[in-house]
Number of protein chains: 2
Amino acid sequence: MAPPPSTVVSPFVSLIVRILTFVCLIISLILLTTATGTASNSDYGDVKIKFKDFKAFRYLCAATVIGLVYTLLQTALTLIHLSTGNRFGGDGLVYIDFYGDKVVSFILATGGAASFGMTQDFKNLIVIEGLDISHFIRTTEAAASLCLLGFLFVAISSIFSSFSLPKRA
Amino acid sequence: MAPPPSTVVSPFVSLIVRILTFVCLIISLILLTTATGTASNSDYGDVKIKFKDFKAFRYLCAATVIGLVYTLLQTALTLIHLSTGNRFGGDGLVYIDFYGDKVVSFILATGGAASFGMTQDFKNLIVIEGLDISHFIRTTEAAASLCLLGFLFVAISSIFSSFSLPKRA
């Protein structure tokens, strides 16, 4: 008979990592969605700027929302594990954890990196063009950084879930 | 006695995935390093543009080089496995594969995404500013896309190496 599914780390450690992921992603989403700026330029006058005006920031928003929904679900499952002592879903859940952590970590890594990369070169550009949207850029840069921090926590969860895979000899 | 280390897929399949990774990354690196453009603007005159002028592209360059070195090393190890029938390095290599694939996949994902995200919003910006560097942007966009394709192949390798981990019950 196959041994029962087990996890490498205690569910309590898993829970802490999930909560840290959630905190990073929720702050990232709040910063991103509330960031506004006014670009003042002699050619175009005043233009209101929001995160929706940039493709990279729209992707970051989608990535953090996906990450938040997934983390909430995993937190609920870990709480059930902690309270009942049994892992909800049994064997099949090990694979859902494994592929879920992998896919969500890649979504958060690309979401954070796309926006962070953009803000770094955008900072130079707004200096050249004389636009005054440095506060907007700093806020979105913080949102991207927090998404990357959230990604690191999901990557840790991903290491846990990889080691929990049953061995296929 | 513990069972000998085994891989989930045949070394031949591993080799094909590594070669596909290598092809994507080498073309990405060539495209990136050879991309040049001339920005003509009434305010600044003609300005030569290279990938080194952008932080995101410099990171993409570093990411593809790290990916290439790692992929070459893994290809050599897989060739030894194929020719001798034995896995070089034994048990310890399973962990190096696991962490190596994980870290390199994250480096390539963030490298590709940072540059791809930047090019998408940069495209709109150069239209507004009347700069004629669309060829440069298209080439770097292709380099970033190929890096992301290379990342997908490393992610597949990462799934293989995760399943090859010994079970810790």
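Here are some notes:
- So A:GLY111, is it part of a helix (DSSP H, G or I), within 14 Å of chain B (Cβ to nearest Cβ) and not aromatic (Phe, Trp, Tyr): yes
- Unique residue being at pLDDT 95 or above and farther than 23 Å from B:LEU148 by Cβ when the list is A:ALA142, A:ALA109: A:ALA142
- All conditions but one from (1) in contact with a Leu (Cβ under 7 Å, 6 or more places away or on another chain); (2) more than 9 Å from chain A (Cβ to nearest Cβ) apply to B:SER157; the one that does not is (1).
- Test: residue in region A:47-63 that is exposed (fewer than 13 other Cβ atoms within 10 Å of the Cβ) and at pLDDT below 90: yes
- When residues in region B:30-46 are screened for being out of contact with any strand residue (DSSP E or B) (no Cβ under 6 Å at 6 or more places or on another chain) and either loosely packed, with under 10 Cβ neighbours inside 10 Å or at pLDDT below 85 (or both), 5 of them pass.
- Residues in region B:64-74 that are surrounded by fewer than 20 Cβ atoms within 10 Å (Cβ to Cβ) and not β-branched (Val, Ile, Thr): B:LEU68, B:LEU72, B:LEU73.
- Pair list, Cβ under 6 Å, 6 or more apart: region B:137-156 residue closer than 19 Å to B:ASP121 by Cα, other residue among the hydroxyl-bearing types (Ser, Thr, Tyr): B:ILE137/B:THR119; B:THR140/B:THR119; B:GLU141/B:THR119; B:ALA143/B:SER28; B:ALA144/B:SER115; B:LEU146/B:SER28; B:CYS147/B:SER28; B:CYS147/B:THR64
- Taking first residues from region B:1-29 that are at pLDDT 90 or above and partners that are among the aliphatic types (A, V, I, L, M) and part of a loop (DSSP other than H, G, I, E, B), the Cβ contacts under 9 Å between residues at least 6 apart in sequence or on separate chains come to B:VAL17/B:VAL9.
- Reported count of residues in region A:17-63, each being of a type outside the set (A, V, I, L, M) and assigned to a helix (DSSP H, G or I), is 15.
- Residue match in region B:36-52 (condition: within 23 Å of the chain's Cα centre (by Cα) and charged (D, E, K, R)): yes
For (1) surrounded by fewer than 23 Cβ atoms within 10 Å (Cβ to Cβ); (2) within 14 Å of another protein chain (Cβ to nearest Cβ); (3) at pLDDT below 80; (4) in a helix (DSSP H, G or I), each residue gets a yes or a no:
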site	(1), (2), (3), (4)
B:ALA76	yes, no, no, yes
B:VAL94	yes, yes, no, yes
B:VAL103	yes, yes, no, yes
B:SER115	no, yes, no, yes
B:GLN120	yes, yes, no, yes
B:VAL127	yes, yes, yes, yes
B:ASP132	yes, no, yes, no
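The values are calculated or read from the model by the stated rules, or taken from the named source; none is laboratory data. Not measured: the values here are computed from a predicted model. Every residue, glycine among them, receives a Cβ derived from its backbone with ideal geometry; neighbour counts consider all protein chains shown.
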